Amino acid sequence: MKKIKIILVGKESFIATYINKYLKNKLSIHHVSLEKFLKMSTEAIKKFNFLCNCAVNKKYQSDKYSSKNDFDLKIINKINKINIKYIFLSSRKIYKNGKNLYENNKKHAIGNYEKNKLITENFIKQTIPKNYIILRLSNIIAPPIKNKRKVTINFIDNFFDYFSSNKIIKYNNYFKDFLSIEQFIFIFFQILKKDIVGTYNVSLGKKVYIKELLKWLTKNKDHNFIPLKKFKNNDSFYLNNSKLTKKLGISILKKDLKNYCLRIKI
């Protein structure tokens, strides 16, 4: 098998940084900023099999959709006549909270960010119908990357901040869907090897309660995290990942997430 060649856009991106770290010896990776990518020639881009954008505009996350804030739109418009597979990182937030959510479940985008993701998804499907891979990601667990231009604040960022503050933190013991960065990288690599097309949930596919995740991360030590006995708006969810795991012929295990969390230094 020829070595897979991929362009990763987002020089300081959390996900791109980890993909580069874990897969640089298995893939031929060109890790660049959006600005440098947009200056690449068509001939240079043609040398690669895949392109994955990990950069995001802050206004794309917070404001109503505007094409000028959509980095993926800019990239697609540059490559739509090139035979290169485009990997779009979408979000689980496009679904309504609930159990066992499939790719064809009714969409329930409330905030601007998830509405914008759906708009971009539809644009990609219409523009490059044979050359896209849309990945709807659950929460990814890994030590945060230092980045002055950081846009997304997720569960693990908040955990590290709260843990180091030594303040008492009360939380809702929802169940959610988490993947370790190692599990995500494994899935990502298999996707590249199989060269699939379509829209897929990328997830553990099982309930993980916040309480048990905190227990793993804090190494079973009592800390200042206190679960609330009652909560009103239930934000629980997990995604069904069977479409992807069957396509790739893989299993994603909860015990591997637990073991990774126990190894994280805090």
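The values are calculated or read from the model by the stated rules, or taken from the named source; none is laboratory data. For clarity, every value in this text was computed on a predicted model and none was experimentally measured. Methodologically, a virtual Cβ is constructed for each residue, glycine included, from the backbone with ideal geometry; neighbour enumeration extends over all protein chains shown. Side chains included, ligands, DNA and RNA excluded: accessible areas come from the protein's heavy atoms. Shrake-Rupley method; radii C 1.70, N 1.55, O 1.52, S 1.80 Å.
Values for this structure:
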quantity	calculated
Residue match in segment 239-254 (condition: open to solvent by 50 Å² or more (accessible area, probe 1.4 Å), part of a loop (DSSP other than H, G, I, E, B), more than 19 Å from THR199 (Cα to Cα) and out of contact with any Lys or Arg (no Cβ under 6 Å at 6 or more places or on another chain))	yes
Residue check for LEU228: of a type in the set (A, V, I, L, M) and under 25 Å from LYS99 (Cβ atoms)	yes
Top-ranked residue of segment 39-58 - restricted to ones that are of a type in the set (Val, Ile, Thr) and free of Cβ contacts under 8 Å to residues at least 60 places away in the same chain, ranked as surrounded by the fewest Cβ atoms within 10 Å (Cβ to Cβ)	THR42
Evaluation of PHE225 against (1) surrounded by fewer than 14 Cβ atoms within 10 Å (Cβ to Cβ); (2) in contact (Cβ under 8 Å) with a residue 60 or more places away in the chain (one fails), failing number	(1)
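Residues are listed down the side, and each one gets a yes or a no for (1) more than 21 Å from LEU192 (Cβ to Cβ); (2) aliphatic (A, V, I, L, M); (3) in contact with a Phe, Trp or Tyr (Cβ under 6 Å, 6 or more places away or on another chain); (4) surrounded by 15 or more Cβ atoms within 10 Å (Cβ to Cβ):
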| site | (1), (2), (3), (4) |
| --- | --- |
| TYR60 | yes, no, no, yes |
| LYS68 | yes, no, no, no |
| PHE88 | no, no, no, yes |
| ARG92 | yes, no, no, yes |
| LYS106 | yes, no, no, no |
| GLY111 | yes, no, no, no |
| GLU114 | yes, no, no, yes |
| ILE124 | no, yes, yes, yes |
